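Written out below as structure tokens is the structure these notes cover.
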């Protein structure tokens, strides 16, 4: 690898997207209801093609970014931790309860520093998205979601 590729942040982002694509494919295989695989397959294909395209463009020198300017901030680490906890809670609490909690927590993280108005907006947003997901998944598409103690 040339020195330019090693210092190119776009190259690492592309590789990261390819890694996410591989993880999604691995998770899609575990889905037992075939109809529930449609959206994840589509999303993983888009991520995989985007990552491959970005990696190829970085190798060719068509895109460049300085790797030293890549920074991970506290909000990103907290958001990742929330997502990991949410993955563990899907089977315990159920899809919709976990989705509501996850959206609320991530919204608070994004909106920090908090005010009463921001907390109220985050709560309303979380409820609205959860209801929208319920309508789309259960009512319109008839898909099953993980059940838990709180459904």
Legend entry - Single residue of 28, 38, 47, 78 found to be in contact with a helix residue (DSSP H, G or I) (Cβ under 7 Å, 6 or more places away or on another chain) and either assigned by TED's automatic domain parsing to the domain that holds residue 145 or within 22 Å of residue 130 (Cβ to Cβ) (or both): 78
Legend entry - residue 130 being surrounded by 13 or more Cβ atoms within 10 Å (Cβ to Cβ), part of a helix (DSSP H, G or I) and not assigned by TED's automatic domain parsing to the domain that holds residue 32: yes
Inset, instruction - Could you tell me whether any residue of region 101-115 is surrounded by 13 or more Cβ atoms within 10 Å (Cβ to Cβ), within 24 Å of residue 34 (Cα to Cα) and outside the structural domain of residue 6 (by TED's automatic domain parsing)? - result: no
Inset, instruction - Looking only at region 100-113, decide whether some residue is out of contact with any helix residue (DSSP H, G or I) (no Cβ under 9 Å at 6 or more places or on another chain), part of a helix (DSSP H, G or I) and free of Cβ contacts under 8 Å to residues at least 12 places away in the same chain. - result: no
Legend entry - Count of region 84-96 residues which are within 17 Å of residue 137 (Cβ to Cβ) and surrounded by fewer than 19 Cβ atoms within 10 Å (Cβ to Cβ): 4
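The values are calculated or read from the model by the stated rules, or taken from the named source; none is laboratory data. Here the structure is a predicted model, which means the values were calculated and not measured. Glycine also receives a Cβ, built like all others from the backbone with ideal geometry; neighbour counts cover every protein chain displayed.
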